[in-house]
Amino acid sequence: MTAAAEVLATDLAGIALRNPVLLAAGTCGTLDEMSDVLDLSRIGGVVSKSITPLPREGNPTWRILPARAGMLNAIGLANPGIDAFESHYLPRAEKMPCAVICSVAGFGIEDYVQVAAVLDEWNGRGVAAIELNISCPNVKTGTEFGMSPALTGEVVRAVRPVVKGAALFIKLSPVAPELPVIARAAIEAGVDALTISNTIPAMAIDVHTRTPRLANVTGGLSGPALHPVAVRLVHEVYRKIARDAGVPIIGAGGVMRWEDAAEFVLAGATAVQIGAALFADPRAPLAVVRGLEKWARVQGCASIRELVGAVKID
Ligand SMILES: Cc1cc2nc3c(=O)[nH]c(=O)nc-3n(C[C@H](O)[C@H](O)[C@H](O)COP(=O)(O)O)c2cc1C
């Protein structure tokens with residue numbers, strides 16, 4: 001029988017992963033804080049909080065709310081800024097027992113270039129990949145780049161030359177018009193992987209006070225409600241562009257149980273990210289790993305890679 005390690009081991013844009021289960025940006029602390037409650041040597045990797053050039057306090061509270069089928073957040077990219085991230089967090093990256101992917105956010109192209117250049121210097125010292133967040137709905141202009149193929153291409157073309165060692169991922173929005181067209185622009189500009197997707201812009205109202213429940217008025221919806229939307233997007237982008245381009249997809253959105261992760265794999269994802277589920281159960285990724293392993297075996301596969309994009313459609 002194939003060993004567990006072999007069944008789930010995979011390759012994500014040249015990065016060897018123990019298994020395809022990653023923690024999603026912004027849902028697991030700034031970098032390695034989840035190690036207090038979750039054995040990181042049992043998952044594939046962690047995506048850091050999105051880092052900007054300067055520190056950010058983020059939006060005022062309330063900035064997290066439960067929703068009936070998930071949660072709303074309007075954190076507003078609270079993060080320590082690249083200088084503090086580099087001095088206080090990155091020195092620990094190399095010792096983390098899983099792949100480390102660092103997320104970058106910005107308000108202009110130069111922000112992405114500046115932060116990505118610093119992070120790339122840590123490639124070989126723990127940072128395996130850089131994920132460009134061009135799809136944050138919780139700050140002004142946070143989704144601007146992700147809504148336009150031209151701007152998506154522009155930001156990737158600007159960042160690509162400074163990312164010399166790390167793999168370059170880009171995180172797309174579930175509400176971008178024609179996501180395959182945006183994905184194509186990102187691929188043509190040189191990304192190594194696509195993360196699909198970020199949250200859906202959403203809103204909740206307190207009917208008694210007649211006021212928005214989030215201080216930011218709107219926020220991003222994640223969790224189970226997002227899942228089928230993201231599965232459809234992964235499927236579409238995989239079939240229309242990513243499969244032939246040989247560019248892997250990371251599915252994100254409502255992975256609560258292993259079946260959700262398996263759906264992403266069948267739709268065309270090489271790996272998955274888990275976010276909202278961590279708020280309910282920080283050890284949820286371990287159950288997802290166990291379930292995927294069993295599933296791959298029951299499907300008769302020596303490697304989960306055989307199941308990527310393997311949904312049967314006549
Ligand atoms: C509290 C919170 C903070 C988030 N912060 C970020 C962030 O900094 N950067 C980013 O790219 N995505 C961020 N996201 C989006 C998640 O990484 C993920 O794409 C999204 O929540 C969908 O996955 P899920 O349904 O498993 O949560 C955040 C999500 C939540 C719930």
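The values are calculated or read from the model by the stated rules, or taken from the named source; none is laboratory data. Given the structure is predicted, the values throughout are model-derived calculations rather than measurements. Positions of Cβ are backbone-derived with ideal geometry, glycine not excepted, and every protein chain shown enters the neighbour counts.
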All but one of (1) within 17 Å of LEU307 (Cα to Cα); (2) within 16 Å of the ligand (Cβ to nearest atom); (3) among the basic types (Lys, Arg) hold for ARG239; state the number of the condition that does not hold.
(2)
Tell me yes or no: at least one residue of region 220-243 is of a type in the set (D, E, K, R), within 16 Å of the chain's Cα centre (by Cα) and at pLDDT 95 or above.
no
Would you call THR27 within 13 Å of the ligand (Cβ to nearest atom) and either modelled with pLDDT of 95 or more or touching a helix residue (DSSP H, G or I) at 6+ places or on another chain (Cβ under 8 Å) (or both)?
yes
Answer residue from region 32-55, given it is within 12 Å of the ligand (Cβ to nearest atom) and in a loop (DSSP other than H, G, I, E, B) and is farthest from the chain's Cα centre (by Cα) among those
THR52
Residue pairs meeting the criteria (Cβ under 8 Å; at least 6 apart or on separate chains; first under 21 Å from GLY26 (Cα atoms), in region 210-221; second modelled with pLDDT under 95 and outside any strand (DSSP E or B))
ASN216/ASN138; THR218/PRO137; THR218/ASN138; GLY219/PRO137; GLY219/ASN138; GLY220/CYS136; GLY220/PRO137; GLY220/ASN138
Which one of the conditions (1) buried (at least 18 other Cβ atoms within 10 Å of the Cβ); (2) in contact with a Pro (Cβ under 9 Å, 6 or more places away or on another chain); (3) at pLDDT 95 or above does LEU119 fail to meet, given that it meets all the rest?
(2)
Residue that is modelled with the lowest pLDDT, among those in region 255-314 that are more than 14 Å from the ligand (Cβ to nearest atom), assigned to a loop (DSSP other than H, G, I, E, B) and more than 19 Å from ASP11 (Cα to Cα)
ASP314
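Can you tell me which of VAL115, VAL46 is under 24 Å from LEU151 (Cβ atoms), in contact with a strand residue (DSSP E or B) (Cβ under 7 Å, 6 or more places away or on another chain) and not acidic (Asp, Glu)?
Numbers: VAL46 fails: under 24 Å from LEU151 (Cβ atoms).
That would be VAL115, the only listed residue that is under 24 Å from LEU151 (Cβ atoms), in contact with a strand residue (DSSP E or B) (Cβ under 7 Å, 6 or more places away or on another chain) and not acidic (Asp, Glu).
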Scope region 165-175; condition among the small types (Gly, Ala, Ser) and within 14 Å of the ligand (Cβ to nearest atom); matching residues:
SER173
Pairs under 6 Å by beta carbon, first residue under 13 Å from VAL181 (Cα atoms) and small (Gly, Ala, Ser) in region 134-162, partner in a helix (DSSP H, G or I) and away from the ligand (no atom under 15 Å from the Cβ), six or more apart or different chains?
GLY153/ALA185; GLY153/ALA189
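Taking ALA9 as the residue in question, decide whether it is under 30 Å from SER303 (Cα atoms), modelled with pLDDT under 95 and among the aliphatic types (A, V, I, L, M).
No; evaluated as a whole, the condition is false for this residue.
Which of the residues spanning region 57-105 are on the phi > 0 side of the Ramachandran plot and without any contact (Cβ under 8 Å) to a residue 40 or more places away in the chain?
As a first pass, look at region 57-105 and keep what is on the phi > 0 side of the Ramachandran plot: 58, 70, 76-77, 81.
Passing the criteria: GLY58, GLY81.
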